[in-house]
1. Could you please tell me which pairs satisfy a Cβ distance under 8 Å, a separation of 6+ or placement on different chains, a first residue in the stretch 39-68 that is touching a residue at least 24 places away in the same chain (Cβ under 8 Å), and a second residue that is part of a helix (DSSP H, G or I) and surrounded by fewer than 16 Cβ atoms within 10 Å (Cβ to Cβ)?
2. Pull up the stretch 4-19, narrow it to residues that are farther than 18 Å from residue 53 by Cα and in contact with a strand residue (DSSP E or B) (Cβ under 9 Å, 6 or more places away or on another chain), then point me to the one that is surrounded by the most Cβ atoms within 10 Å (Cβ to Cβ).
3. Across the stretch 6-36, which residue is nearest to the chain's Cα centre (by Cα) among those that are more than 15 Å from residue 71 (Cβ to Cβ) and touching a residue at least 24 places away in the same chain (Cβ under 8 Å)?
4. Can you find a residue that is part of a loop (DSSP other than H, G, I, E, B) and in contact with a strand residue (DSSP E or B) (Cβ under 8 Å, 6 or more places away or on another chain) anywhere in the stretch 41-57?
């Protein structure tokens, strides 16, 4: 990963005990890491990002929520484990 490059990964859809759907979105730049949750659009874990950057990441989650939900829904966890 090049310096200044921010990598984003999205988990598959999970369900809470109450049946609510959610997914995790992780941001990394090789040094810092932040993990957010959608549809809450909140950063839950932060290691190295400044508060203003966390606010920007949360705004990104809100502004791209529909796309992020589609990404999470398209992940087939079983295919990923099989290497497909």
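1. Partner pairs satisfying both residue conditions: 39/65; 41/62; 41/65.
2. Of everything passing the filter in the stretch 4-19, 10 is surrounded by the most Cβ atoms within 10 Å (Cβ to Cβ).
3. Within the stretch 6-36, the match that is nearest to the chain's Cα centre (by Cα) is 28.
4. Checking the stretch 41-57: at least one residue is part of a loop (DSSP other than H, G, I, E, B) and in contact with a strand residue (DSSP E or B) (Cβ under 8 Å, 6 or more places away or on another chain).
None of the figures in this text is laboratory data; all of them are computed from the coordinates on show. What you see is a predicted model; the values in this text were computed from it and never measured. Don't worry about glycine lacking a Cβ; one is built from the backbone with ideal geometry, like all the others, and counts go over all protein chains shown.
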